[in-house]
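Here is the structure we will look at.
Quick note: the coordinates plus some simple rules give every number you see, no bench work behind them. A quick note: this is a predicted structure, and the numbers were derived from the prediction, not measured. Backbone-built Cβ (ideal geometry, glycine too); neighbour counts: all protein chains shown.
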Amino acid sequence: MQCLSDNASHVLAGLLERVGIEVSSDSQNIGTASIAYVAHKAASPIRFPPTVALTPIVAKRLFGKTDEELDSSSE
């Protein structure tokens, strides 16, 4: 993912320089961070459903409680 954001940052820097806007290394780093942030947020719909679906399964395996034990502890 880092490679893609670096490449996109360099492409954006090249486009800005063509229109006469000078780009420093700081602004390139900010651009890279911005692209990474947007990619992270855009991937949320992909990450969210598996997280919700797998959390109970992983919790049962980690803590070793069966459904019966969970039911009896809530009473």
What nm value, rounded to one decimal, do you get for the distance between ASN29 and ARG47 when each label is placed 7 Å out toward the C-beta? 2.3 nm
Could you work out how much longer the chain between VAL38 and ILE57 gets when fully extended? Use 0.36 nm per residue separation minus the Cα distance between them, nm to one decimal. 3.9 nm
